[in-house]
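The values are calculated or read from the model by the stated rules, or taken from the named source; none is laboratory data. Just so we're clear, the structure is a prediction, and the values are computed from it rather than from any experiment. All Cβ positions, even for glycine, are placed from backbone atoms using ideal geometry, and neighbour counts span all protein chains on display. Heads up: the accessible areas ignore ligands, DNA and RNA and are worked out on the full protein's heavy atoms, side chains in. Shrake-Rupley method; radii C 1.70, N 1.55, O 1.52, S 1.80 Å.
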Amino acid sequence: MWQITTDAASDAEQKVLHRAIKKIEDDTERFSFNTGVSGFMILVNELTDLKCHKQEVLPMLIMLAPYAPHIAEELWHALGNTTSVIDAAYPKLEEKFLVETSKEYPISINGKMRTTLVIALTADQAEVEQLVLGNEVVQKWVEGKTPKKIIYIKNKMVNIVI
């Protein structure tokens, strides 16, 4: 069994938590309870993938209370709290954790996707070309030939024409 730690949550864990806060809050306000429950499942799966057992992400129990009040209350007390989960302050959304700084782009060679590459959203055409041509998979497919054209469509894709 895992133990809850008091370590600070990483940026990735905070991003997952705040994305879930936004989604579940929006779904609850729209009375879309089924998609709210889906948001909890996504949250738990992503935190499991990150191997997160940190106390800082436990506001999800407070968000769970309107959906499953009995189990939320029981888990709340199992964590050592003496008050009710209903009395706890609802978690506040921090937009700074939702800001995207990079994107995973599909890299195509002659129209066929060969790999993906994470590129900063602030990168310009020259930086993207340098990153893409420096990638091992791209170098394997280009085979030392000089590309005729590199098409970079911001927030969409990169295509290399040989």
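Quick look at the numbers
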{"quantity": "Output for segment 105-132, where each listed residue is closer than 14 Å to Ile151 by Cβ, loosely packed, with under 15 Cβ neighbours inside 10 Å and among the acidic types (Asp, Glu)", "calculated": "none"}
{"quantity": "Tabulated pairs, segment 139-162, first at positive phi and touching a residue at least 12 places away in the same chain (Cβ under 8 Å), second aliphatic (A, V, I, L, M) and not in a strand (DSSP E or B), C-beta under 8 angstrom, 6+ apart or interchain", "calculated": "Asn155/Leu121"}
{"quantity": "Candidate set from segment 1-55 (those that are among the hydroxyl-bearing types (Ser, Thr, Tyr), open to solvent by less than 70 Å² (accessible area, probe 1.4 Å) and part of a helix (DSSP H, G or I)); member that is nearest to Tyr67 (Cα to Cα)", "calculated": "Thr28"}
{"quantity": "Residue match in segment 111-121 (condition: more than 27 Å from Ala12 (Cα to Cα), touching a residue at least 40 places away in the same chain (Cβ under 8 Å) and over 27 Å from the mean Cα position of the chain (by Cα))", "calculated": "yes"}
{"quantity": "Helices (runs of 4 or more DSSP H) wholly inside segment 56-154 containing at least 1 residues that are over 29 Å from Thr6 (Cβ atoms) and of a type in the set (Asp, Glu)", "calculated": "125-134, 136-142"}
{"quantity": "Lys149 being modelled with pLDDT of 90 or more and either within 28 Å of Leu17 (Cβ to Cβ) or open to solvent by 90 Å² or more (accessible area, probe 1.4 Å) (or both)", "calculated": "yes"}
{"quantity": "Conditions (1) within 20 Å of Ala89 (Cα to Cα); (2) free of Cβ contacts under 8 Å to residues at least 12 places away in the same chain: number failed by Ala9", "calculated": "(2)"}
{"quantity": "Residue within segment 91-106 that is basic (Lys, Arg) and under 16 Å from the mean Cα position of the chain (by Cα) present", "calculated": "yes"}
{"quantity": "Residue that is surrounded by the fewest Cβ atoms within 10 Å (Cβ to Cβ), among those in segment 56-92 that are more than 21 Å from His18 (Cβ to Cβ) and among the charged types (D, E, K, R)", "calculated": "Asp87"}
{"quantity": "Filter result for the condition that a residue is under 16 Å from Ser102 (Cβ atoms) and surrounded by 12 or more Cβ atoms within 10 Å (Cβ to Cβ), over Asn135, Asn155", "calculated": "Asn135"}
